[in-house]
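Here is the structure we will look at.
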Amino acid sequence: MALAMDEFRRLLADRGYRVTAQRLAIYELLQENARRSYHPSAEELYQQARERFPMISPATVYNTLELLVELGLASQLGFPGDVQRYDGNPHAHANVQCVDCKAIFDVDAEALEDIGQRVAERSDFVILGQRFEFYGICPQCQARRAREETQARPQAGDAGAATGSAAG
Ligand SMILES: [Zn+2]
């Protein structure tokens, strides 16, 4: 579950991290992205953060993202062939990425919570985060591929009819 901003402030203070306006803003931005099911790269977050803090440095953004991951408030997505992306939704859910258009979707699955608990029990770890990553072809790209296949054999109907009459 995402933390409210005052909880986030308290967590930073409790762990001995300075509470800065930039850290707060980056966490808030990440949550805004998560609410739209968007998974920004560090570069994209940096560009977003610059709108509020024109003088912010890329290093501040990267370091804050690392801190959020360490605190279990964000996770890194490691899809092959894509830049590293960040997910501000720490709730157990699956991410599925389209290999064609690279769109990433959030999929809730209750069973994932159970898997997390079982992993914690069997490893005696305090689990801070988890990643469930799937890849495939999204509905839009499935439809596009189907259209392209249809267009690739334009006279299929005629050819079939001709073959049929020749065979008959
Ligand atoms: Zn797609």
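The values are calculated or read from the model by the stated rules, or taken from the named source; none is laboratory data. It should be emphasised that the depicted structure is a prediction, and the values quoted were computed from it without experimental measurement. For neighbour counting, all protein chains shown are included, and Cβ atoms are generated from backbone atoms with ideal geometry for every residue, glycine included. With ligands, DNA and RNA removed, areas are computed over all heavy atoms of the protein, side chains included. Shrake-Rupley method; radii C 1.70, N 1.55, O 1.52, S 1.80 Å.
Taking a ≥ b ≥ c as the square roots of the eigenvalues of the alpha-carbon gyration tensor, the range 1-98 is classed oblate because a/c is 1.5 or more while a/b is no larger than b/c. Per-residue Karplus couplings for the range 24-37, computed as 6.51 cos²θ - 1.76 cosθ + 1.60 with θ equal to phi - 60°, are listed in order as 4, 5, 5, 5, 5, 4, 5, 5, 4, 4, 5, 5, 8, 6 Hz, Gly and Pro entered as x. Relative to the longest principal Cα axis of the chain, at what angle does helix 5-14 sit, 0 to 90 degrees, rounded to 10? With rounding to tens, the tilt is 60 degrees. Looking at the chain, the accessible area is 64 square angstrom per residue; that uses a 1.4 Å probe and ignores ligands, DNA and RNA.
Using the Karplus relation 6.51 cos²θ - 1.76 cosθ + 1.60 with θ = phi - 60°, the per-residue 3J(HN,Hα) values for the range 125-142 come to 8, 8, 7, 9, x, 8, 10, 10, 10, 10, 9, x, 10, 6, x, 4, 6, 4 Hz, with x marking Gly and Pro. Ignoring ligands, DNA and RNA, what percent of the 1.4 Å accessible area of the chain is carbon and sulfur? C and S atoms contribute 52 percent here.
Extension gain for SER57 to THR150 (0.36 nm times residue separation, less C-alpha to C-alpha distance): 28.5 nm.
Fraction of C-alpha pairs exceeding 16 angstrom in the range 2-47: 40 percent, rounded to a whole number. For the chain, the relative contact order comes to 19 percent (Cα pairs under 8 Å, sequence separation of at least 6). Between ARG85 and LEU77, PHE79, the built amide H atoms are under 5 Å apart, and every one of these is 5 or more places off in sequence or on another chain. Accessible area ranking (1.4 Å probe, heavy atoms, ligands and nucleic acids excluded), largest first, for ASP124, ASP114: ASP124, ASP114. Loop-located trypsin sites (Lys or Arg not before Pro) in the range 9-98 (DSSP state other than H, G, I, E, B) with a sparse environment of at most 11 neighbouring Cβ atoms within 10 Å: ARG15, ARG18, ARG36. A simple count of charges around ARG147, restricted to other residues whose Cβ falls under 15 Å of its Cβ and scoring Lys, Arg +1 and Asp, Glu -1, yields 0. When the scattering of the chain is computed by the Debye formula from its Cα atoms alone, each counted once and equally, what is log10 I(q)/I(0) at q = 0.08, 0.13, 0.18 Å⁻¹? Once normalised to I(0) and log-transformed, intensities are -0.37, -0.73, -1.17. Between the helical axis of 156-167 and the longest alpha-carbon principal axis of the chain there is an angle of about 30 degrees.
Per residue of the chain, the DSSP helices (runs of n ≥ 4 H) give a summed -39500 (n - 2.57) that works out to -16500 deg cm²/dmol at 222 nm. You can think of it this way: the chain between ALA94 and ARG50 has 12.9 nm of extra reach, that is 0.36 nm per residue less the Cα-Cα gap.
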